[in-house]
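K.L.:
Here you go, one structure.
The values are calculated or read from the model by the stated rules, or taken from the named source; none is laboratory data. Here the structure is a predicted model, which is why all the values come from computation and not from measurement. When we count neighbours, we look across all protein chains shown, and the Cβ atoms used for this are built from the backbone with ideal geometry, even at glycine. We work out accessible area using only protein heavy atoms, side chains counted, and drop any ligands, DNA or RNA first. Shrake-Rupley method; radii C 1.70, N 1.55, O 1.52, S 1.80 Å.
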Amino acid sequence: MTASVFSSNAALRQPGFLAFLSARLFGMFAQQMQAVVVAWQVYDITRDPLSLAYVGLAQFLPMLLLLIPAGDLADRISRKRMLAVSWSVAAVCAVLLLWLATLGEPGVGGIYAVLVLFGCSRAFTGPAMQSLLPQIVPREHLAQALATNSMIMRTAAIAAPVLGGVLYGLGGGVLTYAACALALFSAVVLLWRVPVRYAAARELLPGTMWVRALDGLRFIRSRPIVLGTISLDLFAVLLGGVIALLPVYAQEVLHTGPEGLGILRASMAAGEVLMGVWLSAHPITHRVGKVMFGAVATFGLANLVFSLSHWFWLSAAMLALAGAADMVSVYIRSALVQFSTPDTMRGRVNAVNMLFISSSNELGEFRAGTMAAALGAVPAAIAGSVCTLGVVAIWMRWFKPLRDVDKLEDASRL
């Protein structure tokens, strides 16, 4: 089925799209491998779940401060150049982590400092990368390009955590961080081969940065579909995500090593990829709002079973199911946001979207870590999963236009 999907994929035949996917692939590999190794290394040094909360917080705080200015910048300069610079800074961060790893047994303070710089680079990566894709492929192929992009990135997310765990087992942080730096520099080289053919004419935007940022916020507030979509993802993952607790579950609940942690992280990505292949062959054409709510509810239920499981393969299977549900939600959310937003405002809108996504991920890690430190890992995971189901019920009532939207293309009219 995979071969037939790719042979009929018109988006892949667009000039530059394959180079863009390859660049993102290298960037994703670096980010996922680094995330696995940093989490394992920090917890191995401290044996304190709260230290994992600070891993997320160190990356989130600079993003919180810089995402809105980054979104405004993405609407005023070349998004390709902006993405290349941000990836270059991320590569420098990997080199710094490599240097710290050569010191033998570094403290966590230096690691946190590098993660702050990495969070700064990610603040500019998000709006530039999310806003660049509609400039590479025509509008009629955008939905298919988004689905293909998500599927390829999730494929990388399967292999990267496993590879990160294996490399760490073979050569520690030195080998793994060296691979991360090489991957990021390769992404920058590939990115320069991507032609930008469908960008709207750049306009001289009036007002100050904050006035322009408020224009983006007002646009989102005026679109219940966009506001409901990104806020649903924010609170569902913020309250119900279990990724931050995987090092604790791997060592203390499931009794496995770094390779097992890599498999657990890759399991969610495996579910996402399989669902991405299915979506490429069977795209969602009707009732997209109800499908998205059902997917988020499935995400919460799967995480709840994972929270209660003491069997490694059951835990991995539930993470895969959660990943499949998340893939449906990500696909619908990305398409609704892109179809609803004009090109001249995509940087600012995607900055807010990335702020919501980052809040759900990094603050979700902080929430999980602090709750695990106070209550224990298992009660924290159970409570978060139940909260996700509550969010679904509330959002279905508050955002009726989102619940009732039928086709993705309707987003541009509603």
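K.L.:
From 237, 288, 253, grab the single residue that is at pLDDT 80 or above and closer than 30 Å to residue 366 by Cα.
P.N.:
253
K.L.:
Pairs only if they're at least six apart or on different chains, beta carbon under 9 angstrom, first in the stretch 115-142 and under 18 Å from residue 352 (Cβ atoms) and in contact (Cβ under 8 Å) with a residue 40 or more places away in the chain, second of a type in the set (Lys, Arg) and open to solvent by 40 Å² or more (accessible area, probe 1.4 Å); list them, first residue then second.
P.N.:
Pairs found: 128/81.
K.L.:
Quick one: which of 114, 137, 196 is of a type in the set (A, V, I, L, M) and in a helix (DSSP H, G or I)?
P.N.:
Matching residue, one of 114, 137, 196: 114.
K.L.:
If the Cβ limit is 7 Å and pairs must be 6+ apart or interchain, which residue in the stretch 40-56 that is more than 19 Å from residue 165 (Cα to Cα) pairs with which residue that is of a type in the set (Asp, Glu) and in a helix (DSSP H, G or I)?
P.N.:
Listed by first residue and then by second, the contacts come to 53/365; 56/362; 56/365.
K.L.:
When you scan the stretch 368-389, how many residues do you find that are without any contact (Cβ under 8 Å) to a residue 12 or more places away in the chain and part of a helix (DSSP H, G or I)?
P.N.:
Final tally of qualifying residues: 3.
K.L.:
Would you confirm, using the coordinates I've provided, whether residue 268 is under 19 Å from residue 404 (Cβ atoms) and buried (at least 22 other Cβ atoms within 10 Å of the Cβ)?
P.N.:
Details: under 19 Å from residue 404 (Cβ atoms): no; buried (at least 22 other Cβ atoms within 10 Å of the Cβ): yes.
No: the conditions fail for residue 268.
K.L.:
Here is a check on your reading of the model: is residue 279 open to solvent by less than 20 Å² (accessible area, probe 1.4 Å), assigned to a helix (DSSP H, G or I), farther than 21 Å from residue 391 by Cβ and in contact (Cβ under 8 Å) with a residue 40 or more places away in the chain? Before you say what the answer is, go through the steps one by one.
P.N.:
Details: open to solvent by less than 20 Å² (accessible area, probe 1.4 Å): yes; assigned to a helix (DSSP H, G or I): yes; farther than 21 Å from residue 391 by Cβ: yes; in contact (Cβ under 8 Å) with a residue 40 or more places away in the chain: yes.
Yes.
K.L.:
Among the residues of the stretch 69-82, is there at least one that is at pLDDT 90 or above, in contact with a Phe, Trp or Tyr (Cβ under 8 Å, 6 or more places away or on another chain) and not charged (D, E, K, R)?
P.N.:
Among the residues of the stretch 69-82, at least one is at pLDDT 90 or above, in contact with a Phe, Trp or Tyr (Cβ under 8 Å, 6 or more places away or on another chain) and not charged (D, E, K, R), which makes the answer yes.
K.L.:
Another question, then. Which condition number does residue 148 fail, the rest of (1) in a helix (DSSP H, G or I); (2) farther than 17 Å from residue 30 by Cβ; (3) open to solvent by 10 Å² or more (accessible area, probe 1.4 Å) being met?
P.N.:
With (1) in a helix (DSSP H, G or I); (2) farther than 17 Å from residue 30 by Cβ; (3) open to solvent by 10 Å² or more (accessible area, probe 1.4 Å) applied to residue 148, the lone miss is (3).
K.L.:
From 245, 184, 204, 214, grab the single residue that is more than 30 Å from residue 309 (Cβ to Cβ) and modelled with pLDDT of 80 or more.
P.N.:
184
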